[in-house]
1. How about segment A:8-39: which chymotrypsin sites (Phe, Trp or Tyr not before Pro) there are in a DSSP loop, with at most 14 other Cβ atoms within 10 Å of their Cβ?
2. Can you find, among B:ALA19, B:ILE59, B:ASN30, the residue farthest towards the positive end of the dipole of segment B:5-61? Put +1 on the C-beta of Lys and Arg, -1 on that of Asp and Glu.
3. Per residue of A:81-92, count partner chain C-beta atoms within 10 Å of its C-beta, then hand back the mean as an integer.
4. Just need the relative contact order of segment B:151-295 here, percent rounded to a whole number, with Cα pairs under 8 Å and 6+ apart.
5. With a length cut of 27 Å (Cα positions projected on each helix's long axis) and a Kyte-Doolittle mean of at least -1.0, go through chain B and give me the DSSP H helices that pass.
6. Just rank B:ASP426, B:ASP151, B:ASP53, B:ASP81, fewest to most, by other beta-carbon atoms within 10 angstrom.
7. Mind listing which trypsin sites (Lys or Arg not before Pro) in segment A:2-86 are in a DSSP loop and have 12 or fewer other Cβ atoms within 10 Å?
8. Kindly put B:VAL45, A:VAL21 in sequence by how many other C-beta atoms sit within 10 Å of each C-beta, fewest to most.
Amino acid sequence: MSTETDAVKVEEKLYYNRYVVDAGRPHVKIRPHEVPSQALLALTKICPAGCYALNDKGQVEVTPDGCMECGTCRIVCADTHDIEWNYPRGGFGVLFKFG
Amino acid sequence: MVEQRFDAIVVGAGPSGNAAAYTLAKEGLNVLQLERGEYAGSKNVQGAILYSDALEKLIPNFREDAPLERHVIEQRLWMLDDASYTGMHYRSEEFNEEKPNRYTIIRAQFDKWFSQKVRDAGATVLYETTVKELIRNTSGKVIGVQTDREDGAVMADVVILAEGVNGLVGQRSGLRDELKPDTVALAVKEMHFLPRDVIESRFNLKGDEGVVIEAMGSVTLGMTGTAFLYTNEESISVGIGCLVSDFTEKREAPYELLERFKSHPAIAPLLAGSEVKEYAAHLIPEGGYNAIPSLFGDGWLMVGDAGHFVNAVHREGSNLAMTTGRVAAETVVRLHRMRKEMTKTNLAEYQERLEKTFVLKDMRKYRKIPAFLHGNKETLFGLYPRLLSKAAQTWFRVDGLDKKAKEKAIVSSFRQARTLRGMIGDAFKLARAWR
Ligand SMILES: Cc1cc2nc3c(=O)[nH]c(=O)nc-3n(C[C@H](O)[C@H](O)[C@H](O)COP(=O)(O)OP(=O)(O)OC[C@H]3O[C@@H](n4cnc5c(N)ncnc54)[C@H](O)[C@@H]3O)c2cc1C
Ligand code: SF4
């Protein structure tokens, strides 16, 4: 649906935000898998920061640099245990100026 | 890391944690508050409407220096169809009172201000510190927290968990269940900047008057959710949120939904020419009364979003957060003064006190709403808005058709889409859930 808005680039939205990335210490990790679960596949669409994407082998990968720490992916995958989710270390991650 | 023993530790510096830490410190307790953000508010997202009453009970003269944006004089409720909207406006000069009841705020700035008050009251506040887990003694009583700092263990008589909806500490310590996708909404929000005179002329405002718009209808594509637009001094907050379970089922991208809302013919002209400066996302606990976990135990209490204290029908959260934070702290202060232990039995007083406030009364009143909204989402968020706008259009269009025929057409369009029994049933169920 909504073809007129499919062109929205979430990366452009994230560009407005301020982040302190904890290099080399991603706070969200995906468990290695051959075939992604339905829950993981859903994340490629519903993560508000577009952190999840399919690679060319058909597996789901995460790049949490633009993560807004909402927790949605953690809840969606709570039963499947597909991901390991922690808060970034104190002071790192997204920094909202307005919120 | 700091002095190793406190009367109380508060985890989180949102409105619930700040209310708790402020109350404790003002009463002379030795309080440590821990916040994972660089400053209070740096991780927090809200619409945001501030309800004066809850804050006034803590800081009666808050209006003197709190960063308030506009006081709300007009509320709009809109039902959106793809190309039209039906709405209600309520505007009253009486909202221009000396001590207004509702304000729009910017959370990052508000939380920073509140946090300063907490420090002024004498609490020790550490930012950039994430609490990893609770520390218990051999009999299971909570006696402190482990943080991510070096030598990061700190001890206290009681720990108040004010960590928000995404509360990992409480969950991972087994104090509450993991959130369920159908009890939390995911909201996305943008900040649009415009000169204040443009905002004032677009919304017909003078001075610090403000307008808030709540919208529902076809913008959520049949998912359970609402959208909002709030006026600030020099910016407009615009956002939309739906249940996580609906997003998952429909596989809709939240930011695309937001774009749809922003480009709706009712909304686009209000935002025209604005400069976007932030995009944020956050969860809202919307499971209502039935989703409230245990609120106290040996050595611990839970307040605010961590305790699922959001009234989704009235879109209230921060005032419940501040009230639960204050009441939890008052309980601790009393026990402390009487030199009573912070045991589960003694801390049960927190719940008893809450029962007497609006918080648990309101939560209980709407306990059936979440299930009702969820079970009837296609009708409520898709069909009815469409029918309503179709009816309005038939009614207002002058096209040579006689009025009686128009009435008939409206009634039959409703009946075709939803049988009379179905409609009466919906109204009945809604009324029952509301009670
Ligand atoms: C889009 C949106 C719109 C809303 N609109 C309104 C509105 O208009 N009016 C209203 O009243 N309510 C509204 N709400 C609800 C309101 O924002 C919440 O109910 C309120 O913020 C809850 O306060 P809290 O203190 O319990 O939690 P939060 O404000 O979430 O604060 C929790 C704090 O704890 C910190 N924290 C979490 N874990 C740790 C840890 N392990 N260690 C250290 N610190 C930690 C976080 O960084 C955060 O600062 C809205 C919510 C959203 C998302
Ligand atoms: S926490 Fe939210 S923003 Fe971050 S990766 Fe998960 S869904 Fe995306």
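1. On the way: sites: A:TYR15, A:TYR16, A:TYR19; in loops: A:TYR15, A:TYR16.
Sites meeting the loop and neighbour criteria: A:TYR15.
2. B:ASN30
3. 5
4. Reported as a whole number, the value is 35 percent.
5. On the way: long enough: B:318-337 (28 Å, 0.02).
Long hydrophobic helices here: B:318-337.
6. B:ASP151, B:ASP53, B:ASP426, B:ASP81
7. On the way: sites: A:LYS9, A:LYS13, A:ARG18, A:LYS29, A:LYS45, A:LYS57, A:ARG74; in loops: A:LYS9, A:LYS57.
Within segment A:2-86, the qualifying trypsin sites (Lys or Arg not before Pro) (loop, at most 12 other Cβ atoms within 10 Å) are A:LYS9, A:LYS57.
8. Going from least to most buried by this count: A:VAL21, B:VAL45.
Every number here is computed from the coordinates shown, using simple stated rules; none is lab data. Keep in mind the model is a prediction, meaning the values are calculated, not measured. Glycine also receives a Cβ, built like all others from the backbone with ideal geometry; neighbour counts cover every protein chain displayed.
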